[in-house]
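This report refers to the structure that appears directly beneath it.
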Amino acid sequence: MPEDAGDKMAGFILIYTTYPDKVTAKKVVKHLLEKRLIACANIFPITSMYWWEGNIQDDKEYVAICKTTEENFENVKKEVESIHSYDVPCIVKIPAEANEKYFNWLKREVSSKKK
C-alpha cells in the first residue's frame, strides 16, 4: 500500500515567538540556527495588544516564525525561554504541512551536525 503523502509531512511545525525588537529576535533566531534546532525563520514587525498586570498594552514587537520538526520543539522552547528577555515569552507551536522538497530540505538542515 502506498505511503500517504500527509504521513511524509508529519512532524513539520512552525514556532511563533515574539520579541521586543528586531535585534533581540535576530539574536535568538541566530542562536537557534547555530544549534541546528530550526532550519529557517521569518522575522517581521507587528503591533501587539494584550493584558499585562491589569492593563491593556498596545506595543510594537517583532515576531519570528521558526520552521522545524516536531521532535525539536521542546529543545527550541527550552532555548528560547533561557535567553528571552520577557518574563512570559510567547512560544506557540503550530502544526504545518509543506511541499515535499521543502520538508526534505528542512529535515536535512535540522539533522545536520554543527561542524
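Quick look at the values:
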quantity	calculated
Counted charge near Asp21, where neighbours are those whose Cβ lies closer than 13 Å (Asp, Glu -1; Lys, Arg +1)	+2
Crossing angle, helix 100-111 versus the chain [Cα axis fit, 0-90 degrees, rounded to tens]	70
Most positive-pole-ward Cα, Cys66, Ser112, Phe12, against dipole of the chain from beta carbon charges	Ser112
Sites Met49 and Asn99, calculated FRET efficiency, Cβ-Cβ separation with R0 35 Å, nearest 0.05	0.55
Computed lengthening from Ser111 to Lys35, 0.36 nm per intervening residue step minus Cα-Cα distance	26.3 nm
Dipole magnitude (debye, nearest 20) for the range 11-111, charges at Cβ of Lys, Arg, Asp, Glu	500
Contact order normalised by residue count of the chain, Cα under 8 Å, 6+ apart, percent	40
Around Ile91: net Lys/Arg minus Asp/Glu count, Cβ-Cβ under 15 Å	-2
Restraint check, Lys27/Lys67; Lys35/Lys60; Lys77/Lys101, Cα-Cα greater than 24 Å	Lys35/Lys60; Lys77/Lys101
Answer label, with Cα extents along the principal axes in Å calculated from the coordinates and candidates (i) 57, 34, 22; (ii) 87, 28, 28; (iii) 102, 42, 31	(i)
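No value in this document is a laboratory result; all are computed from the given coordinates. Quantities reported herein were computed from a predicted structural model and do not represent experimental measurements. Counting neighbours? That spans all protein chains shown, and the Cβs are built from the backbone with ideal geometry, glycine included.
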